[in-house]
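Below: one structure, written as structure tokens.
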Amino acid sequence: MRETPADLLDLLEADHRQVELLLGEFDSVSPTRRKELFCQLTHELVRHEVAEELVVYPALRDLPGGDRIADTRISEQAEAEERLAKMEKMDAESDGFARQVITLRSAVVTHAKAEETSAFTMLRDAVPAEQRVELGARYTKAKEAAPTHPHPHSPDTPPGNVVLGPVAALIDKMRDSAARVS
Ligand SMILES: [Fe+2]
């Protein structure tokens, strides 16, 4: 947990950089380590996105023109989630999986850049610093509500989640837990 209160926008940008670093790691890991990295990436990406949906986008929708931007960014996030769900069914050591990583990386980087230049700029201009710190605390709380196990493919996944698939189950569980605290 963070010791000092942080501005929401600093937290969000730090998350973006961390996800980009994880995506970049696929270049240097051996194919046998891709699955593990994929699980870590999924966990980070999903908890960031879910916490954004609960804290960032509602604040954006309060601003003029915010609805349109929120809708576009949220549909990009939904596409990324679909891609993750597709990738989890693939052999992580295959060339097809490596190609999916390249597409995912490009989509995530483009999405993050668009968020920073549209949504975050609007929030920085319209929301006072003190309120951004309050939103930052809520964002951190929503993220921390995420299931602690770093691997959506953990063997202790309850049997009920098998129907959904581990990525979809993780997203579901995250939305549930984060909504309860935010
Ligand atoms: Fe984001």
Mind giving me the FRET efficiency for Asp172 and Thr32? R0 is 30 Å, r the Cβ-Cβ distance, nearest 0.05 is fine. 0.55
Over all viewing directions the Cα convex hull of the range 49-128 casts an average projected area in nm² of 5.4
Can you pull the percent of the chain's accessible area that's carbon plus sulfur, 1.4 Å probe, other chains left in place? 54
With a 1.4 Å probe and all protein chains kept in place, how much accessible area does Val109 have, in Å² rounded to the nearest 10? 50
How do Asp125, Asp172 stack up against each other in accessible area, from largest to smallest, with a 1.4 angstrom probe? Asp125, Asp172
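Using a Förster distance of 41 angstrom, determine the FRET efficiency expected from the C-beta separation of Thr117 and Ser94, and round it to 0.05.
Details: r = 35 Å, r/R0 = 0.85.
Taking R0 as 41 Å, the efficiency between Thr117 and Ser94 is 0.75.
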Taking just the alpha carbons, could you work out the radius of gyration and Dmax for the range 70-111, both in angstroms? 11.0, 35
Tell me the accessible surface of Thr117 in square angstrom (1.4 angstrom probe, heavy atoms of protein chains only), to the nearest ten. 100
Both in Å, the radius of gyration and Dmax of the C-alpha trace of the range 1-69 are 15.2, 48
Putting +1 on Lys and Arg Cβ atoms and -1 on Asp and Glu Cβ atoms, find which of Ser30, Ile74, Leu135 reaches farthest to the positive end of the dipole of the range 8-181. Ser30
Kindly report the accessible area of the chain per residue (heavy atoms of protein chains, probe 1.4 Å, no ligands, DNA or RNA), in Å². 52
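Could you work out [θ]222 nm for the chain from helices alone, using -39500 (n - 2.57) per DSSP H run of at least four and dividing by all its residues? Round to the nearest 500 deg cm²/dmol.
Working: 8 runs with 122 residues, N = 182.
Mean residue ellipticity at 222 nm (helix-derived): -22000 deg cm²/dmol.
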Could you work out, for the chain, what percent of all Cα-Cα pairs fall into each 10 Å distance bin, beginning at 0 Å and stopping at the bin that holds the largest distance? 9, 37, 35, 16, 3
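The values are calculated or read from the model by the stated rules, or taken from the named source; none is laboratory data. All of these numbers come straight from a predicted model, not from anything done at the bench. Ideal geometry is used to build each Cβ from the backbone, glycine not excepted, and the neighbour counts take in all protein chains shown. To get the accessible areas, we keep the full protein, side chains included, count just its heavy atoms, and leave off ligands, DNA and RNA. Shrake-Rupley method; radii C 1.70, N 1.55, O 1.52, S 1.80 Å.
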